[in-house]
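Undergrad: Below you will find the structure I want to go over with you.
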Amino acid sequence: MSGIDNLPPLRDVIATHGLNARKSLGQNFLLDLNLTAKIARQAGDLTRADVLEIGPGPGGLTRGLLASGARKVLAIEKDSRCIPALEEIAAAYPGRLQVIEGDALEVDPLAHLTPPIRVVANLPYNVGTELLVRWLNPPDWPPFWQSLTLMFQREVADRIVAQPGSKAYGRLAVLAQWRAEARIVMSLPPGAFTPPPKVSSAVVHLTALPEPRYPADPGVLSRVVAAAFNQRRKMLRAALKGLAPDIEDRLNAAGIAPTDRAEQVPLERFCALARELAG
Ligand code: SAM
């Protein structure tokens with residue numbers, strides 16, 4: 001018995017199923033079920049939502065989600081060694097946990113989920129940013145998800161919520177804050193994980209906005225922001241000169257000084273510049 005359910009403690013699960021952590025799969029497990037239940041609570045009311053979890057591993061967060069009342073959890077795990085342990089959880093919560101063995105970058109989860117859908121995950125560090133960018137950049141908006149509650153390395157979390165004028169401000173901040181409300185809701189030291197990673201972690205909660213915060217074409221905005229931050233120390237009239245022959249006029253029209261650097265430009269002005277360039 002573990003406190004939040006009648007299943008065995010995670011240390012026993014790991015020993016029984018031989019789940020020694022593999023670095024290549026980004027395996028840093030959370031074994032404290034009170035902590036995983038706390039992370040699950042950051043996702044909001046799960047009782048009327050389906051939850052997509054990427055990388056359940058031995059199932060600590062999965063158990064937190066189910067104990068918090070999630071209507072259904074769809075868990076996608078690449079490591080076949082974890083599947084029997086996850087099936088034991090599925091048996092304890094009949095009809096509420098579906099486990100898919102596969103690579104989250106390749107599996108399409110939508111056929112198995114009913115809206116509203118919330119995504120909650122302690123992401124493998126090697127695919128975390130790529131998954132986030134995909135979730136923020138769907139073909140249509142609003143996206144399939146209502147919220148994302150995701151564990152990242154602290155440095156990535158800081159980049160998602162960064163404001164203009166800070167070193168962490170860049171493409172990820174613009175992309176995330178354009179179409180979502182993003183905030184850091186928990187900080188975790190390395191010792192919270194087994195084995196402990198080298199760096200601290202943080203949980204970011206993103207809520208999808210019904211519409212992007214300011215109008216802009218996603219493709220144009222993405223090109224502008226990529227060009228601006230690829231040469232973040234250059235003045236924008238130089239960094240963006242490949243985008244339009246009259247870039248200084250376009251920058252002025254968007255309310256941006258041509259001598260500014262990308263780091264100083266707020267989201268609203270990037271969107272104005274994307275509209276100028278699209279027009
Ligand atoms: N959720 C568990 C926890 O909190 O203890 C494990 C988190 S661990 C940081 C990341 C998990 O993602 C591991 O179980 C790993 O096997 C899995 N994983 C790694 N790459 C994956 C991928 N491409 N698709 C699905 N799962 C993956």
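Undergrad: Working only within segment 69-96, note down all residues that are open to solvent by less than 40 Å² (accessible area, probe 1.4 Å) and in a loop (DSSP other than H, G, I, E, B).
TA: Gly69, Ala70, Asp79, Tyr93
Undergrad: Could you count how many residues in segment 242-279 are open to solvent by 70 Å² or more (accessible area, probe 1.4 Å), farther than 17 Å from Tyr169 by Cβ and in a helix (DSSP H, G or I)?
TA: Result for segment 242-279: 4.
Undergrad: Within segment 157-173, identify whether any single residue is surrounded by fewer than 20 Cβ atoms within 10 Å (Cβ to Cβ) and more than 16 Å from Glu263 (Cα to Cα), and answer yes or no.
TA: no
Undergrad: Here's something else I'd like to know. Could you list, in sequence order, the residues of segment 219-241 that are open to solvent by 40 Å² or more (accessible area, probe 1.4 Å), of a type outside the set (S, T, N, Q) and not in a helix (DSSP H, G or I)?
TA: Listed by number, the residues that qualify are Arg232, Arg233, Lys234, Met235, Lys241.
Undergrad: Okay, next question. So, in segment 30-56, of the ones that are within 11 Å of the ligand (Cβ to nearest atom) and open to solvent by 20 Å² or more (accessible area, probe 1.4 Å), which residue ends up nearest to Val185 (Cα to Cα)?
TA: Leu35
Undergrad: Testing Arg22 on (1) surrounded by fewer than 17 Cβ atoms within 10 Å (Cβ to Cβ); (2) within 13 Å of the ligand (Cβ to nearest atom); (3) within 17 Å of Met151 (Cβ to Cβ), one condition comes back false. Which one is that?
TA: Of everything listed in (1) surrounded by fewer than 17 Cβ atoms within 10 Å (Cβ to Cβ); (2) within 13 Å of the ligand (Cβ to nearest atom); (3) within 17 Å of Met151 (Cβ to Cβ), Arg22 misses just condition (3).
Undergrad: Is it fair to say Gly102 is in the same structural domain as Thr47 (by TED's automatic domain parsing) and either surrounded by 22 or more Cβ atoms within 10 Å (Cβ to Cβ) or closer than 26 Å to Tyr125 by Cβ (or both)?
TA: Spelling it out, Gly102 is indeed in the same structural domain as Thr47 (by TED's automatic domain parsing) and either surrounded by 22 or more Cβ atoms within 10 Å (Cβ to Cβ) or closer than 26 Å to Tyr125 by Cβ (or both).
Undergrad: Still on this structure, I have one more. Which residue, of Ala202, Ala176, Ala216, is open to solvent by less than 40 Å² (accessible area, probe 1.4 Å) and assigned to a loop (DSSP other than H, G, I, E, B)? Explain how you work it out, then say what you get.
TA: On the way: Ala202 fails: assigned to a loop (DSSP other than H, G, I, E, B); Ala176 fails: assigned to a loop (DSSP other than H, G, I, E, B).
Exactly one of Ala202, Ala176, Ala216 is open to solvent by less than 40 Å² (accessible area, probe 1.4 Å) and assigned to a loop (DSSP other than H, G, I, E, B), namely Ala216.
Undergrad: Applying the selection to segment 91-114, what residues are farther than 19 Å from Leu150 by Cα and either away from the ligand (no atom under 15 Å from the Cβ) or polar (S, T, N, Q) (or both)?
TA: Passing the criteria: Ala91, Ala92, Tyr93, Pro94, Gly95, Arg96, Gln98, Ala111, Thr114.
Undergrad: Then there's this: Out of Val99, Val119, Val107, I need the residue that is among the β-branched types (Val, Ile, Thr) and in contact with a helix residue (DSSP H, G or I) (Cβ under 6 Å, 6 or more places away or on another chain). Which one? Explain how you work it out, then say what you get.
TA: Numbers: Val119 fails: in contact with a helix residue (DSSP H, G or I) (Cβ under 6 Å, 6 or more places away or on another chain); Val107 fails: in contact with a helix residue (DSSP H, G or I) (Cβ under 6 Å, 6 or more places away or on another chain).
Of the residues listed, the single one that is among the β-branched types (Val, Ile, Thr) and in contact with a helix residue (DSSP H, G or I) (Cβ under 6 Å, 6 or more places away or on another chain) is Val99.
The values are calculated or read from the model by the stated rules, or taken from the named source; none is laboratory data. Here the structure is a predicted model, which is why all the values come from computation and not from measurement. For neighbour counting, all protein chains shown are included, and Cβ atoms are generated from backbone atoms with ideal geometry for every residue, glycine included. Remember, those area values only see protein heavy atoms, side chains included, never the ligands or the DNA or RNA. Shrake-Rupley method; radii C 1.70, N 1.55, O 1.52, S 1.80 Å.
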